[in-house]
1. Amide H of Leu127 versus every other amide H placed in the peptide plane: which residues, excluding those fewer than 5 positions away on the same chain, fall under 5 Å?
2. Determine ³J(HN,Hα), in whole Hz, for all residues of region 188-193 in sequence, where each value follows from phi through the Karplus function 6.51 cos²θ - 1.76 cosθ + 1.60 and θ = phi - 60°; x replaces Gly and Pro.
3. Mind listing the long-range amide H neighbours of Leu97? Cut-off is under 5 Å, sequence gap 5 or more, other chains count too, H placed in the peptide plane at 1.01 Å from N.
4. If we count every other residue with Cβ under 15 angstrom of His132's Cβ, Lys/Arg +1 and Asp/Glu -1, where does the sum land?
5. Lysines near Lys171 by alpha-carbon distance under 26 Å, same-chain residues fewer than 8 away left out - which ones?
6. For a quick check: with amide H placed at 1.01 Å from N, whose amide H comes under 5 Å from Ala114's, ignoring anything fewer than 5 positions away on the same chain?
7. So what J values fall out for region 99-111 if you push phi through Karplus, 6.51 cos²θ - 1.76 cosθ + 1.60 with θ = phi - 60°, rounded to Hz, Gly and Pro as x?
8. With θ set to phi - 60°, apply the Karplus curve 6.51 cos²θ - 1.76 cosθ + 1.60 along region 197-203 and write out the HN-Hα couplings as whole Hz, x wherever there is a Gly or Pro.
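Throughout, read-outs are computed from the coordinates displayed, never taken from laboratory work. All values derive from a computational prediction rather than experimental measurement. Here the Cβ positions follow ideal geometry from the backbone for every residue, glycine too, while neighbour counts run over all protein chains shown.
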Amino acid sequence: MLRAVFTFKHLALFGISTSVCLACGGADSSVAPPLLGPQIEVRYLSTLTAQQQNAVAAAVDKWTRAVSKNIGDFHLNGPANDCFAGEPQLNETHHNLLLFVSIADIDGAHGQLAFTQICGISSADKLPILSHIRLDQSDLASMEARGILVAIITHELGHALGFNPVTYMPKGLGSGTPSDPYFSGLTARSEFANHGAWYTGVTVPLENASGDGPNDPHWRLNIFGDELMVSSISQGFKSPLSVITLGLFKDLGYEVDFSVADPYEVAPLFGGNRVLPEVSLANDFRTLTPPTVVTPLVSH
Ligand SMILES: [Zn+2]
């Protein structure tokens, strides 16, 4: 397991680089400025083409504009392959979310396109600080050809940032039965009411097709239709990032810029000129091992 470092009384950080000196200052070496860094730092574990890297960059840019929070600085220390096969050994201090992106075979062509794991969370607010997105090598060309790669990575990054049961269940924000699970955060509920007033069920409805109850981290497809965080996607989907999804992130504790949201109204997929789901993103959140809980470093 990734080992968390809990006591840093003598921590001294020099400047804003990754130069870190542990236990090298006296108790009076008082001010240790927090490491500055992006909301999301991407680290590739595979070779991505320029086009694939652009897809990741587009997803990161959108989420970075939409949600933000100074989650803190964390010492990440763990052996290789700790959370997933191919994970490098870690021994570094890092700010906010470190996101690994890898390409490897998942299940051959079709089936699973990608999945996301949460490897580390902050003890302070339980938000992810170390996540991993894996793209299925056998499906990459197809995803690119169909023009859905950016939407799929943006979807997975939503899981990596917090739209997952590891993050919202401990906060008491997921509930309901397997047939009618829901997310109960007040901001998401309020935004849903503004854009889906026709729905009379308990809000906000999570996917009930898997039987996983509130542990299925997707909006309910037959209520939401085409939205970023439903569990299906099609070539014709726009996969809009809705204010409802941003409301969920507000409920998780992020600061949110709702103006980044795409136009969206809650509307099921019913024939007509609407396209039907083509590929599934169901079961794309994996919890092979519980995430390591890491305490943020105290900067003074
Ligand atoms: Zn998903």
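1. Ser122
2. 4, 4, 5, 5, 4, 4
3. Hits under the 5 Å cutoff: Glu41.
4. Details: positive: Arg43, Arg134, Arg286; negative: Glu41, Asp82, Glu87, Asp136, Glu156, Asp284.
Net of charged neighbours comes to -3.
5. Partners found: Lys62, Lys69, Lys126, Lys250.
6. Asp136
7. The phi angles translate into 10, 8, 10, 10, 10, 7, 6, 9, 8, x, 5, 6, x Hz.
8. Values, residue by residue: 4, 5, 7, 9, x, 6, 9 Hz.
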